[in-house]
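J.: Okay, here's the structure, questions in a sec.
The values are calculated or read from the model by the stated rules, or taken from the named source; none is laboratory data. Note that the structure is a prediction, hence the values are computed from the model and not measured. Virtual Cβ from ideal backbone geometry, glycine too; neighbours counted across all protein chains shown. Please note that ligands, DNA and RNA were not included when accessible areas were found on the heavy atoms of the full protein model with its side chains. Shrake-Rupley method; radii C 1.70, N 1.55, O 1.52, S 1.80 Å.
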Amino acid sequence: MGSGRNVAVYGAYGHTGRFVVAELRERGHVPLLLGRDRDKLLAMGQPSLTRQAPVGDPGSLDRALGGADIVINCAGPFASTAAPLVEAALRAGIPYVDVAAEIEANADTFARFAQPARDAGTVVVPAMAFYGGLGDLLVTTAMGDWTAADEVHVAYGLSSWHPTAGTLAAGVVSAERRGGRRVRYTGGRLEHHDDALPTLEWRFPAPLGPQNVIGDFTMADVVTVPSHLAVPEVRTYMTARAAADLFAPDASPPAAVDERGRSAQTFLVDVVVRSGGAERRAAAAGQDIYAITAPLAVEAADRILTGRTRTTGVASAGAAFDAPDFLRALTPHLSLQVPLGPRG
């Protein structure tokens, strides 16, 4: 993505949106600051780049995307924002990326916009974030030359989880859509259930080591991974202490501890892929799940605008991009344990 490209960031004033705006500026690009709240946009100090656009006003969205080369949607709940923004991007003839972690919203994007995006010859990449995107890149890399696998496991080793207001609001919307039930991906499809979630032990790579995790703590990987890989079972896990933080009645938001605005939270994402008696593994570690979403989303935008994509239509990170190469590009932000060459 050459210097000076205009990148519309919807929800620019939100917690994740601010990280995305900062990442774009560091790369020498021009973030167009979009969102629903004009006062919050103006408070960012760039009035000439500010464009208020309620998601329920197509004309306003069209005007807001004028002159943009791509749009990154950082505004949840994505059940409300994704479809209007994708439609506006298709009308504008520009690609779309979002950072949605909502399972249902991501499934809706694949179901509703696959054909329109292909017809337009453009790419729509949902869940280009810590949840959904990073796991998919790791799974795709671990798969290597396998065209199918029996099962995929994605374990999230979070030191803590101080959820943003957006995370909590999205969780409420998802729970309402499920009627309070839980969701998992098994037998090649999403299914709802009322089963109690088990507490298990997961042996993360060093330095984290064995941790208690909540089984079937289902995240967006159950949409992104099977969207392009032949895997009938996709299970995700969350460290028990992080899950407790998320559901605490007095849950507090992230607090910045460095000059980049990152929290002290650390993470290790450990992926295991099994086929027959063989097993492959990949992992990534870093700091702050919200902050790491920015280089994920901006790197995706960079690759889309420079023609480094593998498909058109709606595509997950692993389908849209060269997964190992994408992960290598993130090494300033991540510590990786990934396979480097062909394996038997």
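J.: Calculate, in nm to one decimal, what Asp325 and Asp37 gain on full extension: separation in residues at 0.36 nm each, minus their alpha carbon distance.
T.: 99.9 nm
J.: Which far-off residues, 5 or more places away or on another chain, put their amide H under 5 Å from the one on Leu32, with H placed in the peptide plane?
T.: Here the answer is Val7, Ala8, Val9, since their amide H atoms fall under 5 Å of that of Leu32.
J.: Still on this structure: Compute the accessible area per residue over segment 75-155, keeping the other protein chains in place, probe 1.4 Å, unit Å².
T.: Accessible surface, normalised per residue, equals 28 Å².
J.: State, to one decimal in nm, how far the label point of Asp57 lies from the label point of Val172, with both points 7 Å from Cα in the Cβ direction.
T.: 2.4
J.: Answer with one residue from Gly307, Ala244, Thr186: the one whose Cα lies farthest towards the positive end of the charge dipole of the chain, charges on Cβ with Lys, Arg +1 and Asp, Glu -1.
T.: Working it through, the farthest residue towards the positive pole turns out to be Gly307.
J.: Now for a different question. Quick check on packing: order 294-304, 250-260, 275-285 by the mean number of other C-beta atoms within 10 Å, highest mean leading.
T.: Output ranking for 294-304, 250-260, 275-285: 294-304, 275-285, 250-260.
J.: To the nearest 0.05, how large is the calculated FRET efficiency for Arg91 and Gln337 if R₀ is 45 Å and r is the Cβ-Cβ distance?
T.: So the FRET efficiency works out to roughly 0.60.
J.: Provide the gained length on full extension for the span Ala148 to Ala244, in nm with one decimal, where the gain is 0.36 nm per separating residue minus the Cα-Cα distance.
T.: Contour length minus Cα-Cα distance gives 31.1 nm.
J.: Nearest 10 degrees is fine. How inclined is helix 293-305 to the longest principal axis of the chain, computing both from alpha carbons?
T.: So the inclination is approximately 70 degrees.
J.: Note down, for the chain, the three equivalent ellipsoid semi-axes (square root of 5 times each alpha carbon gyration tensor eigenvalue), biggest first, whole angstrom.
T.: 30, 22, 20
J.: Which FRET efficiency, nearest 0.05, do Glu279 and Thr164 yield, Cβ-Cβ r, R0 45 Å?
T.: It comes to 0.80.
J.: Could you derive backbone 3J(HN,Hα) for segment 170-182 from the dihedral phi with the Karplus parameters 6.51, -1.76 and 1.60 (θ = phi - 60°), listing whole Hz in sequence and x where the residue is Gly or Pro?
T.: Listing the rounded values in order: 5, x, 5, 4, 4, 4, 5, 5, 8, x, x, 7, 9 Hz.
J.: Going by Cα centres, segment 140-164 and segment 59-123 are how many Å apart?
T.: That distance is 25 Å.
J.: Where does segment 204-344 land on Rg/Rh, using Cα atoms and the Kirkwood Rh?
T.: Answer for segment 204-344: 0.96.
J.: Taking a temperature of 20 °C and a viscosity of 1.002 mPa s, what whole-number D in µm²/s does Stokes-Einstein yield for segment 85-202 with Rh from Kirkwood over alpha carbon pairs?
T.: 128
J.: To continue, here is another question. Averaging sequence separations of C-alpha pairs under 8 Å and six or more residues apart, then dividing by the length of segment 30-180, give the relative contact order as a whole percent.
T.: 18
J.: How much length is gained if the chain between Ala251 and Arg25 is pulled fully straight, taking 0.36 nm per residue apart and subtracting their Cα-Cα distance, in nm to one decimal?
T.: Value of the extension gain: 78.2 nm.
J.: If the elastic network links every pair of Cα atoms under 10 Å, which of Pro207, Pro47, Pro324 fluctuates the most in the Gaussian network model of the chain?
T.: So, out of Pro207, Pro47, Pro324, the one fluctuating most is Pro207.
J.: Using the Karplus curve 6.51 cos²θ - 1.76 cosθ + 1.60 with θ = phi - 60°, work out ³J(HN,Hα) for each residue of segment 275-284 in order, rounded to whole Hz, and write x for Gly and Pro.
T.: 9, x, x, 9, 9, 10, 9, 8, 8, 9
J.: Now for a separate question. Name the residue farthest towards the positive end of the dipole of segment 29-90 from the options Met44, Leu65, Ser80, assuming +1 on Cβ of Lys and Arg, -1 on Cβ of Asp and Glu, about the Cα centre.
T.: Of Met44, Leu65, Ser80, it is Met44.
J.: Further question: Under 10 Å, Cα contacts only: if you run a Gaussian network model on the chain, which one of Ala329, Ala83, Ala155 comes out with the highest mean-square fluctuation?
T.: Ala329
J.: Please list, in chain and number order, the residues 5+ apart from Val123 or on another chain whose amide H is under 5 Å from its amide H, with Hs placed from the backbone.
T.: Tyr96, Gly313
J.: Rounding to the nearest 20 debye, state how big the charge dipole of segment 161-293 is about its Cα centre with +1 on each Lys and Arg Cβ and -1 on each Asp and Glu Cβ.
T.: 320
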